[in-house]
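A quick write-up on the structure given underneath.
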Amino acid sequence: MLEKISTYIDQHQLLPQSGTIIVAVSGGADSLCLLHVLHQLCGTSPNARYPRVQLHVAHLNHLLRGEESYRDAATIAQLARSWGLAATIGEVDVPALARAERRSLEDAARVARYRFLREVAHGQPIAVAHHADDRVETLLLHWLRGGGMASMVAMQPRQQDIIRPLLEVTHAETVTYCAQHDLVPLEDASNSDPRFLRNRIRHELLPLLESMNPGIRATLLRNAEVVRVDVAWIEAQLDSCWPLVVLAQQEERIEVNSAALLTLPLSLQRHLLRRVTASLCAGQSPLELRHFELIEALLAR
């Protein structure tokens, strides 16, 4: 599987020729597989294909599982040391964040994780262990939340500062890889917690869909590819109208000419607003239909 992942990395030019890659490691089979593969490909490892690329392990304790969370963090820190890798271990009180920002626990955990990773990265690429099964689950998750056309596009190998070397690998393959290389994944009970919508999709919805269509995963990904082509065309249109609508752009503020915005077709209005919010709120959940409707009501006044 090393060769399969390495070929995918080269095909999509995911790794730079030099510099540092932040590797998000939860300790599960997926992230252990990712770290082990990158460790063989980078730095001072024998036969490394990217000898001038260094790895930096990043792990966030979400404070959701008591002492188990601290044991996991210590285990990952020790693993990084044993492999000669730098590591940053952080912690965020995710339940408190969820209350403070009025988010679901699942959303707060994701937001906290990406904030932490970007603080560690300082603009450097961040490698995450999303795999083929995650792509399907994310498509269904966005569909259930009403995320709109752009959110129907499956995860891409590279999105801004995030790279995903495992997108053609399944979770079952990462489990097998870990067993073959004597890697012991950490078990996270929250992966079965029905409070999280993604878990219900994984354990309830997908098996139901597969009972109706055994090839549903491939079908969903094919549909996502069709949508991706359409979204690429829309993005090109946005590139053309962006200078006409956006009056000023700063790191934390984008000023939009509302009159010019309203001259665009409704579809382009919404895609432009999505791009604006994505620029200002990297790592946040994408806008849903209800958000667009609220903005449109304000603009109509």
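One line per residue, one yes/no per condition, for (1) closer than 30 Å to Ser279 by Cβ; (2) loosely packed, with under 13 Cβ neighbours inside 10 Å; (3) touching a residue at least 24 places away in the same chain (Cβ under 8 Å); (4) under 18 Å from the mean Cα position of the chain (by Cα):
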{"site": "Ala189", "(1), (2), (3), (4)": "no, yes, yes, no"}
{"site": "Pro194", "(1), (2), (3), (4)": "no, yes, no, no"}
{"site": "Arg202", "(1), (2), (3), (4)": "no, no, yes, yes"}
{"site": "Leu206", "(1), (2), (3), (4)": "no, no, yes, no"}
Fill in the blank from the handout: Of the residues in region 116-126 that are out of contact with any strand residue (DSSP E or B) (no Cβ under 7 Å at 6 or more places or on another chain) and assigned to a loop (DSSP other than H, G, I, E, B), the one that is nearest to Leu289 (Cα to Cα) is Gly123
Exercise for the section: At least 1 residues that are more than 25 Å from Arg113 (Cβ to Cβ) and within 29 Å of the chain's Cα centre (by Cα) in each: list the helices (runs of 4 or more DSSP H) lying fully within region 242-301 that qualify. Expected result: 266-280, 289-299
Practice task
Using the structure shown, decide if Ala129 is modelled with pLDDT of 95 or more and touching a strand residue (DSSP E or B) at 6+ places or on another chain (Cβ under 9 Å).
Solution key: yes
Exercise for the section: Evaluate region 124-141: report whether one residue or more is polar (S, T, N, Q) and under 22 Å from Glu68 (Cα atoms). Expected result: no
Problem - Extreme residue, modelled with the highest pLDDT, among residues of region 144-186 that are under 18 Å from the mean Cα position of the chain (by Cα) and of a type in the set (Ser, Thr, Tyr) - result: Thr174
Practice task
Go through region 141-166 and give me each residue that's part of a loop (DSSP other than H, G, I, E, B), in contact with an Asp or Glu (Cβ under 8 Å, 6 or more places away or on another chain) and touching a residue at least 40 places away in the same chain (Cβ under 8 Å).
Solution key: Gly146, Gly147, Gly148, Met149, Ala154, Leu166
Problem - Count - residues of region 76-102 that are in contact (Cβ under 8 Å) with a residue 24 or more places away in the chain and farther than 15 Å from His39 by Cα - result: 8
Practice task
Considering every residue within region 36-59, establish whether at least one is within 19 Å of Asp193 (Cβ to Cβ) and either modelled with pLDDT of 95 or more or more than 20 Å from the chain's Cα centre (by Cα) (or both).
Solution key: no
Practice task
Kindly indicate the residue of region 49-94 that is among the charged types (D, E, K, R) and not in a loop (DSSP other than H, G, I, E, B) and also nearest to Leu105 (Cα to Cα) among those meeting that condition.
Solution key: Glu91
Problem - Filter result (closer than 17 Å to Phe116 by Cβ and over 23 Å from the mean Cα position of the chain (by Cα)) within region 60-73 - result: Tyr70
Exercise for the section: Report the residue count in region 33-48 for those that are in a helix (DSSP H, G or I) and not hydrophobic (A, V, I, L, M, F, W, C). Expected result: 3
Exercise for the section: Tell me which residues, restricted to region 1-52, are hydroxyl-bearing (Ser, Thr, Tyr) and closer than 30 Å to Arg71 by Cβ. Expected result: Thr20, Ser26, Ser31, Thr44, Ser45
Practice task
Please specify each residue of region 4-32 satisfying the condition of being closer than 17 Å to Pro157 by Cα and assigned to a helix (DSSP H, G or I).
Solution key: Lys4, Ile5, Ser6, Thr7, Tyr8, Ile9, Asp10, Gln11, Asp30, Ser31
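The values are calculated or read from the model by the stated rules, or taken from the named source; none is laboratory data. These numbers were taken from a predicted model, which means no experiment stands behind them. All Cβ positions, even for glycine, are placed from backbone atoms using ideal geometry, and neighbour counts span all protein chains on display.
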